[in-house]
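The values are calculated or read from the model by the stated rules, or taken from the named source; none is laboratory data. Computed from a predicted structure; not experimentally measured. As a convention, Cβ positions derive from the backbone with ideal geometry for all residues, glycine included, and neighbour counts pool all protein chains shown.
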Amino acid sequence: MDDEKTRQAAGIAVTLSTQLVGAALTMVTLVAAFVTFFLDKRHPGIGFTILALIAVSLFIAGIVIGGKGIANVYGEVASGTWEPQHGRRAFNLQAWATILAIGFAISLAFSGGKEGRDTEQAVDSLRSTQQAQGQQLGVLKNRTDTLTRRVDSLLTLVDGCPNGSRR
């Protein structure tokens, strides 16, 4: 293989690997955002946590493997000993790690976890409290009305007394 073709082939291999690294970094960000959203809306089990950790670990492993493959390609191209099959193993491992990580990341959406029942229970509890307070308020209003009538009645009696006068 002549030098120009070798450099082009190495450049293609490195470009593909860097694109997988970029995709893996993007997916790590998406997994983190999804996990944050999921934790806010649901109560996941241990399975969800394990799947998320495996997905992120595989993405990171793919990035590391790809970086090592790129470093090997640069070293071999610089020394003139690079052959296309030399970088194949590292780049294949990187691709498989990334594919598996995507599979685990997608499975997060289906990993379940019960919906946030705590919120529903809190709303029900607040409604019950509101009803009880409404009933207490009604009782207090009735008592207030009764006391107001009694005070009015007493004032009428005081006004009707020969020596009675209001102050």
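Checked against the criterion of being closer than 30 Å to Ala9 by Cβ and out of contact with any His (no Cβ under 6 Å at 6 or more places or on another chain), the stretch 34-48 contains not a single residue that satisfies it. In the stretch 72-111, the residue that is nearest to the chain's Cα centre (by Cα) out of those that are part of a loop (DSSP other than H, G, I, E, B) and surrounded by fewer than 16 Cβ atoms within 10 Å (Cβ to Cβ) is Ala109.
Tally up the residues in the stretch 38-71 that are of a type outside the set (Val, Ile, Thr) and buried (at least 16 other Cβ atoms within 10 Å of the Cβ), please.
13
Residues Thr6, Thr18, Thr49, Thr36: which one is touching a residue at least 12 places away in the same chain (Cβ under 8 Å), farther than 14 Å from Thr98 by Cα and among the polar types (S, T, N, Q)?
On the way: Thr18 fails: farther than 14 Å from Thr98 by Cα; Thr49 fails: touching a residue at least 12 places away in the same chain (Cβ under 8 Å); Thr36 fails: touching a residue at least 12 places away in the same chain (Cβ under 8 Å).
Testing whether each residue is touching a residue at least 12 places away in the same chain (Cβ under 8 Å), farther than 14 Å from Thr98 by Cα and among the polar types (S, T, N, Q) leaves just Thr6.
Residues in the stretch 13-37 that are of a type in the set (Val, Ile, Thr), surrounded by 15 or more Cβ atoms within 10 Å (Cβ to Cβ) and at pLDDT below 90: Val14, Val35. When the stretch 44-94 is filtered for residues that are touching an Asp or Glu at 6+ places or on another chain (Cβ under 9 Å) and either modelled with pLDDT of 90 or more or of a type in the set (D, E, K, R) (or both), the ones remaining, listed by number, are Glu76, Glu83.
Kindly establish whether Val64 is in a helix (DSSP H, G or I), within 30 Å of Ala33 (Cβ to Cβ) and not assigned by TED's automatic domain parsing to the domain that holds Thr15.
Working: in a helix (DSSP H, G or I): yes; within 30 Å of Ala33 (Cβ to Cβ): yes; not assigned by TED's automatic domain parsing to the domain that holds Thr15: no.
Considered against the rule, which asks whether it is in a helix (DSSP H, G or I), within 30 Å of Ala33 (Cβ to Cβ) and not assigned by TED's automatic domain parsing to the domain that holds Thr15, Val64 comes out as no.
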